[in-house]
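Enquirer: Please see the structure below; I have some questions.
Readers should treat all values here as calculations from the given coordinates under stated rules, not as data from a laboratory. Here the structure is a predicted model, which means the values were calculated and not measured. Quick reminder, even Gly has a Cβ in these numbers, built from the backbone with ideal geometry, and neighbours come from all protein chains shown.
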Amino acid sequence: MFPESGPVWMFRGSETSVTAPKMPGAKNILVIHGPNLNLLGARETRHYGRDTLKAIDLRLKRRAKEGGVRLETYQSNSESELVDRIQRARREAVDFIIINPAAYTHTSVALRDALAAVGIPFVEVHLSNVFARESFRRESYFTDIAVGIISGLGAKAYELALEFALQYSGKRG
């Protein structure tokens with residue numbers, strides 16, 4: 001969880017933003033979007049909302065820049081490309097990953113093994129509440145090796161994961 005100094009919540013009209021306190025945190029963050037997330041905004045909006053992937057990525061990049069960190073986003077529908085990207089992250093000194101494995105959450109031992117092999121801490125993100133959907137979606141190959149999971153908060157889940165990464169010190173709660 002967040003350290004005791006915690007985030008500062010500021011309210012401006014109906015908008016909420018979080019300002020991370022100055023502390024050690026990730027400096028090189030990789031955001032990985034799994035299959036079909038390129039269709040966000042048009043695909044099953046009752047589950048995934050109306051935000052496009054481009055809009056989500058732009059918000060994340062803006063916040064990362066404010067936080068003085070490098071952030072790269074990557075999306076692929078291909079399991080092998082996602083595995084390759086995770087493996088490359090270690091060579092690039094990525095120190096935190098935010099990943100929405102999407103459908104691979106429930107099927108990909110290969111992605112799980114890649115994340116375990118590189119040893120980079122990560123947060124698992126899901127736009128929809130996977131625990132309130134079909135029973136097969138309740139099983140994740142990643143949750144037990146993730147630092148945390150955020151599920152059911154729509155696009156805000158990515159932003160909350162980024163705030164956590166900005167504060168992450170390598171210690172679990």
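Enquirer: Once label points are set 7 Å from the Cα along Cα→Cβ at both Gln87 and Asn38, what is their separation, rounded to one decimal in nm?
Expert: With each label point 7 Å from Cα toward Cβ, the separation is 2.2 nm.
Enquirer: Here's another thing I want to ask about it. Taking 8 Å as the Cα distance limit and 6 or more residues as the minimum spacing, I'd like the relative contact order of the stretch 56-122 as a percentage.
Expert: 34 percent
Enquirer: Right, here's the next one. Toward the positive end of the charge dipole of the stretch 27-167, about the Cα centre and with charges on Cβ (Lys, Arg +1; Asp, Glu -1), which of Ser76, Ile145, Ala64 goes farthest?
Expert: The one lying farthest along the dipole's positive direction is Ala64.
Enquirer: I've got another one for you. In nm, what is the difference between 0.36 nm times the number of residues separating Ser169 and Val109 and their Cα-Cα distance?
Expert: Once the chain is fully extended between Ser169 and Val109, it gains 18.9 nm.
Enquirer: Then there's this: Of all DSSP beta bridges located in the stretch 27-167, what percent are antiparallel, nearest 5? Before the final figure, lay out the partial values.
Expert: Values: 0 of 18 bridges.
The antiparallel proportion sits near 0 percent.
Enquirer: Taking each pair of distinct Cα atoms in the stretch 27-167 once, what is the resulting Kirkwood hydrodynamic radius in Å?
Expert: On the way: mean 1/r = 0.0672 Å⁻¹.
The answer is 14.9 Å.
Enquirer: Right, here's the next one. By the scheme Lys and Arg +1, Asp and Glu -1, what is the net charge of all other residues having a beta-carbon under 12 Å from that of Leu115?
Expert: 0
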